[in-house]
1. Once amide H atoms are placed 1.01 Å from N in the peptide plane, what residues at a sequence separation of 5 or more from residue 49, or on another chain, have their amide H within under 5 Å of its amide H?
2. Can you compute 3J(HN,Hα) from phi for each residue in the range 21-33, using the Karplus curve 6.51 cos²θ - 1.76 cosθ + 1.60 with θ = phi - 60°, rounded to whole Hz and x for Gly and Pro?
3. Count charges around residue 18 for me, please; just the other residues with Cβ under 9 Å from its Cβ, Lys/Arg as +1, Asp/Glu as -1.
4. For the range 15-68, what log10 I(q)/I(0) values come out of the Debye formula at q = 0.18, 0.24, 0.28 1/Å, with one point per alpha carbon and no solvent?
5. Multiply the residue gap between residue 44 and residue 23 by 0.36 nm, knock off their C-alpha separation, and tell me the result in nm, one decimal place.
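Please treat every number below as a calculation from the coordinates, not as lab data. On a predicted model such as this, the values are computed, not experimentally measured, just so you know. Ideal geometry is used to build each Cβ from the backbone, glycine not excepted, and the neighbour counts take in all protein chains shown.
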Amino acid sequence: MSGGHCPGQDLSSWKPQDIAFVACPGCGAEIEIWKDEPTRTCQTCGKAIDNPAFDRGCEEWCGHAAECRP
């Protein structure tokens with residue numbers, strides 16, 4: 001971000017539950033996915049996995065949201 005600091009991206013405030021482990025729907029491999037990742041690609045089979053916990057609710061109120069989009 002060019003003009004501000006996103007507190008959601010400050011890794012020092014993250015908790016263990018901000019990292020999830022999900023089974024790949026393609027091959028069943030365990031995938032580590034962080035709260036700020038909308039998707040992750042399985043390293044075993046290449047399938048894209050949506051993050052079930054991904055929440056970009058801050059886009060509704062944050063003035064810098066457009067700068068954060070992947």
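1. Distant-sequence amide H within range of residue 49: 40, 41, 42.
2. After applying 6.51 cos²θ - 1.76 cosθ + 1.60, I find 10, 10, 7, 5, x, x, 10, x, 5, 7, 10, 8, 9 Hz.
3. Working: positive: 15, 35; negative: 36.
Net local charge, residue 18 excluded: +1.
4. Here log10 of I(q) over I(0) equals -0.63, -0.88, -1.05.
5. Fully extending the segment from residue 44 to residue 23 adds 6.4 nm.
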